[in-house]
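Worksheet: one structure, shown below.
The values are calculated or read from the model by the stated rules, or taken from the named source; none is laboratory data. Just so it is clear, the structure is predicted and the values come from calculations on it, not from any experiment. No Cβ is skipped: glycine too gets one built from the backbone with ideal geometry, and neighbour counts run over all protein chains shown.
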Amino acid sequence: MRTLIKHILASTEPGDSITVKGWVRTRRDSKGFSFLELNDGSCLANLQVVVDAGTPGSEHITRLVTGASAVVEGKLVPSPAQGQKWELRASRVELIGTADAAYPLQKKGHTPEFLRTIAHLRPRSNLFGAIFRLRSRLAFAVHQFFQERDFVYVHTPIITGSDCEGAGEMFRVTSLKGNIDEKPEADFFGKKTYLTVSGQLEGEAFACALSNIYTFGPTFRAENSNTARHAAEFWMIEPEMAFCDLQGDMDLGEAFIKAMAQHALEHCGEDLALFAKFVDKGVHERLKFVVERPFVRVPYTEAIGILKQSGRQFEFPVEYGLNLQSEHERFLTEEYAKSPATVFNYPREIKPFYMRLNEDGKTVTAMDILVPGIGEVIGGAQREERLDQLLDNMKYQKLNPDDYAWYADLRRYGTVPHAGFGLGFERLLMFLTGVSNIRDVIPFARTPGNAEF
RNA sequence: UCCAGAGUAGCUCAAUGGUAGAGCGUCCGGCUGUUAACCGGAAUGUUGCAGGUUCGAGCCCUGCCUCUGGAGCCA
């Protein structure tokens, strides 16, 4: 039976007849025997295997090169040399698949840019193995966080028929050939359909029945964004809470980010250490800081005042009614707050129709959580639960109420105050790892002009 | 989409307008309980693509492509 290397390395005592299966990272030959470094992806560390000349299978030792796959049986013994606690003394080696001289991964470090061009092989590198193990672990943490709080996981549709959610450009889904706009009624769904840009509206429907829900799934934006923080396909987490206001929403967002940082520190130590070494020296301090310190909360109007009085020359103007630019967000979180910052109560005119109008008639119950280095990771709001006001908001934003009839029904029948937010999973991962390009925290990135693999 | 920078060996990078190189990797040999081992030797190029200037272009000019950083849009 196969044992994963992470379990072998965690052993407290030696063992007989252990079987490992994995890929050779490097081989060092000595007179009469060889060292193999075997990795199976279960952890960052390799297992050192000692293969004596004459061991069954060792006749193929020269083909057990970097990148080759192998099965090894042997005894786990304490290593007599420095550098590792355990080593496997092989009693049998089986070459499964060799790798020729063209195998592109060297023992030396590669740049993430180069590894991106071989996305099918990069999970075999230390860095990307670590990133994707952490991604998996954090996906688990997301579910754990919400399930422990009695949130119900809702699978919102990926194909959607509403063409005006206002969250960005959408990808068209069609089975038509030729001119796809000519007869939408002849299309597969009998109307124009798109890949979802957000599960929020559907999430609200379920929150208005199951109380607390969350979604966690792929989301698509057809925007021609060419930055290190945008992808055309990304994973979004969207909780929605019935009987909840903006305060509760901000509390949840803050608790969530803290919980994710805490989880990474507790469960991803070995991989975090690699990020600290090669990606971001301060990753541990940053995560601890986020866990320990309360986030700073600033109303939008106050944020504008802070920016104006900062004495700082900004490239973009700071004025009430204008969106905060990257440079403004960066100042607020990195220099003013020196911690994550939550900005709330934004002007009505720069936010979508579904956000709740405040008593002042000018601002809405929106909130953004900004983190140092990344900018916005959470955008959320208390939703407008008053039917009349919702319809008024649609008119204000020049939207057609017919397109949102079912959404308005949620206010027509048993409406409740409710709130939620959206969080980009990849941006969270960037924050937790220090990795600066979104293409490097998603297995196969989809960006403008790039759908390789 | 806009601004800036960069494309040279498998990778990371050198190369006054004048014969295209190094380190690593690869291959061959040696040495060693080794640790991104070490020592010696060898092979490896349409200098991103297409034009232009010049006696001569990796280098200068024009267009295109790709990548990187920043910006916008956002998560």
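Conditions tested, residue by residue: (1) in the same structural domain as A:Asp16 (by TED's automatic domain parsing); (2) among the aromatic types (Phe, Trp, Tyr).
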{"site": "A:Ala70", "(1), (2)": "yes, no"}
{"site": "A:Glu73", "(1), (2)": "yes, no"}
{"site": "A:Val77", "(1), (2)": "yes, no"}
{"site": "A:Lys85", "(1), (2)": "yes, no"}
{"site": "A:Arg92", "(1), (2)": "yes, no"}
{"site": "A:Lys108", "(1), (2)": "no, no"}
{"site": "A:Phe114", "(1), (2)": "no, yes"}
{"site": "A:Arg137", "(1), (2)": "no, no"}
{"site": "A:Ala141", "(1), (2)": "no, no"}
Restricting attention to the range A:117-148, the residues that are of a type in the set (D, E, K, R) and more than 18 Å from A:Arg427 (Cβ to Cβ) number exactly 4
Right, A:Ser58: at pLDDT 95 or above and not hydrophobic (A, V, I, L, M, F, W, C) or not? no
Can you find, within the range A:27-49, the residue that is nearest to RNA strand B (Cβ to nearest atom) among those that are of a type in the set (Ser, Thr, Tyr) and surrounded by 16 or more Cβ atoms within 10 Å (Cβ to Cβ)? A:Ser34
Inspect the range A:308-322 for any residue being surrounded by fewer than 16 Cβ atoms within 10 Å (Cβ to Cβ), part of a helix (DSSP H, G or I) and touching a residue at least 12 places away in the same chain (Cβ under 8 Å) and give the result as yes or no. no
Residue check: is A:Phe234 within 16 Å of RNA strand B (Cβ to nearest atom), outside any loop (DSSP other than H, G, I, E, B) and surrounded by fewer than 21 Cβ atoms within 10 Å (Cβ to Cβ)? yes
From A:Ser58, A:Ser79, residue being of a type in the set (Ser, Thr, Tyr), within 7 Å of RNA strand B (Cβ to nearest atom), within 21 Å of A:Ile18 (Cβ to Cβ) and touching a residue at least 12 places away in the same chain (Cβ under 8 Å): A:Ser79
Is there a residue in the range A:205-215 that is under 16 Å from the mean Cα position of the chain (by Cα), in a strand (DSSP E or B), more than 30 Å from A:His110 (Cβ to Cβ) and within 16 Å of RNA strand B (Cβ to nearest atom)? yes
Report yes if A:Leu127 is away from RNA strand B (no atom under 13 Å from the Cβ), in contact with a His (Cβ under 9 Å, 6 or more places away or on another chain) and in contact (Cβ under 8 Å) with a residue 24 or more places away in the chain, otherwise no. no
Can you pull out the residues in the range A:413-453 that are away from RNA strand B (no atom under 11 Å from the Cβ) and free of Cβ contacts under 8 Å to residues at least 12 places away in the same chain? A:Tyr413
Scanning the range A:399-421 residue by residue, those closer than 21 Å to A:Val154 by Cα and polar (S, T, N, Q) turn out to be A:Thr415
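Here is a yes/no grid of residues against (1) more than 29 Å from A:Gly41 (Cα to Cα); (2) over 18 Å from the mean Cα position of the chain (by Cα):
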| residue | (1), (2) |
| --- | --- |
| A:Ala273 | no, yes |
| A:Phe278 | no, yes |
| A:Val283 | no, no |
| A:Arg293 | yes, yes |
| A:Thr301 | yes, yes |
| A:Gly305 | yes, yes |
Looking at (1) surrounded by fewer than 18 Cβ atoms within 10 Å (Cβ to Cβ); (2) among the β-branched types (Val, Ile, Thr); (3) more than 17 Å from A:Ala99 (Cβ to Cβ), which is the one condition that is false for A:Val65? (3)
Qualifying residue in the range A:108-124 (condition: touching a Phe, Trp or Tyr at 6+ places or on another chain (Cβ under 8 Å), more than 14 Å from RNA strand B (Cβ to nearest atom) and without any contact (Cβ under 8 Å) to a residue 24 or more places away in the chain): no
Go through (1) surrounded by 16 or more Cβ atoms within 10 Å (Cβ to Cβ); (2) hydrophobic (A, V, I, L, M, F, W, C); (3) part of a strand (DSSP E or B) one by one and return the number of the condition A:Val77 breaks. (1)
